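The values are calculated or read from the model by the stated rules, or taken from the named source; none is laboratory data. Treat the numbers as computed from the prediction; the structure is a model and nothing was measured. Here the Cβ is made from the backbone with ideal geometry for all residues, glycine too, and neighbour counts use every protein chain on show. Accessible surface areas use protein heavy atoms only, side chains included; no ligands, DNA or RNA. Shrake-Rupley method; radii C 1.70, N 1.55, O 1.52, S 1.80 Å.
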Amino acid sequence: MLKVLYAVIIYGLIPAILLLYFLISARLPAMVQGEESRLSARAGFWAGVVLFAAYCVVVIPGIDDLDFNVQSLPAFNLWGMLLGLIVGFFFLGVLEFLLPTRGVGLLTLLIAAASSIALFSYLFQADARDFTMYLTLGTLFGGLFHIVLFPRVAKGLLSTSSA
């Protein structure tokens with residue numbers, strides 16, 4: 001039973017969170033007000049996709065064998081969790097600051113590239129799986145913790161998307 005739960009988390013929940021980050025980066029341009037900022041956000045998203053493609057071209061030749069082994073539980077990765085917690089906590093504040101500016105293009109580029117590269121690495125590079133898993137969970141927890149402490153930020157971002 002524990003292995004089934006582990007497999008659902010490892011191969012369902014974590015990839016779904018990473019995919020959600022990518023979808024958020026695709027949705028950000030629609031949340032931006034102003035034509036120049038929206039164009040910047042769209043260009044940032046596609047630049048992130050190009051970075052992901054370049055990463056794949058470099059990394060794929062080094063992947064010999066896919067490893068989807070669920071026999072062992074992951075080792076706790078403190079650095080991945082702490083880095084994710086910090087990034088996730090400050091992400092919403094940075095997003096609130098950059099959303100009305102052309103800086104949202106850079107942010108969209110980073111989210112699109114980081115989420116797609118992390119998902120690829122997580123699925124196809126077993127040695128990166130533990131770090132990526134804890135980084136992802138830490139980022140999500142940090143963002144949710146930020147909303148717990150500063151709920152007006154999430155309300156402001158949601159109201160911006162409907163404008």
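If you count only protein heavy atoms and use a 1.4 Å probe, how large is the accessible surface of residue 115, to the nearest 10 Å²?
Per-residue accessible area (residue 115): approximately 10 Å².
On a 1.4 Å probe surface of the protein chains, which of 27, 152, 38 comes out largest in accessible area, and what is the full order?
Ranking 27, 152, 38 by accessible area, largest first, yields 152, 27, 38.
Length gain on complete extension for the stretch residue 106 to residue 127, per 0.36 nm per residue less the alpha carbon to alpha carbon distance?
4.7 nm
With springs only between Cα atoms under 10 Å apart, run a GNM on the chain and tell me which of 62, 12, 105 wobbles the most.
Comparing 62, 12, 105 in the GNM, the peak value goes to 62.
Only Lys, Arg, Asp and Glu count, each charged at its Cβ (+1, +1, -1, -1), so figure out the dipole size of the chain about its Cα centre, rounded to 20 debye. Let's see the in-between values first.
Values: 8 positive and 8 negative charges, 115 e Å.
With only Lys, Arg, Asp and Glu charged at Cβ, the dipole is about 560 debye.
Calculate the FRET efficiency for residue 147 and residue 64 from the Cβ-Cβ distance with a Förster distance of 35 Å, rounded to the nearest 0.05.
So the FRET efficiency works out to roughly 0.25.
Tally Lys/Arg at +1 and Asp/Glu at -1 over every other residue whose Cβ is under 12 Å from the Cβ of residue 44; what's the total?
Numbers: positive: 38, 42, 102; negative: none.
That works out to +3.
If you roll a 1.4 angstrom probe over the protein chains with everything in place, what fraction of the accessible area of the chain belongs to carbon and sulfur, to the nearest %?
76 percent
Taking a probe of 1.4 Å, how large is the accessible area per residue of the chain, in Å²?
58 Å²
Span-like helices, the chain: DSSP H, alpha-carbon axial extent 15 Å or more, mean Kyte-Doolittle 0.5 or greater, which ones?
Flagged H segments are 14-31, 35-59, 78-98, 104-124, 126-149.
Please work out the FRET efficiency for the pair residue 54 and residue 78, using the Cβ-Cβ distance as r and a Förster radius of 35 Å; give the result to the nearest 0.05.
According to the calculation, E is roughly 0.70.
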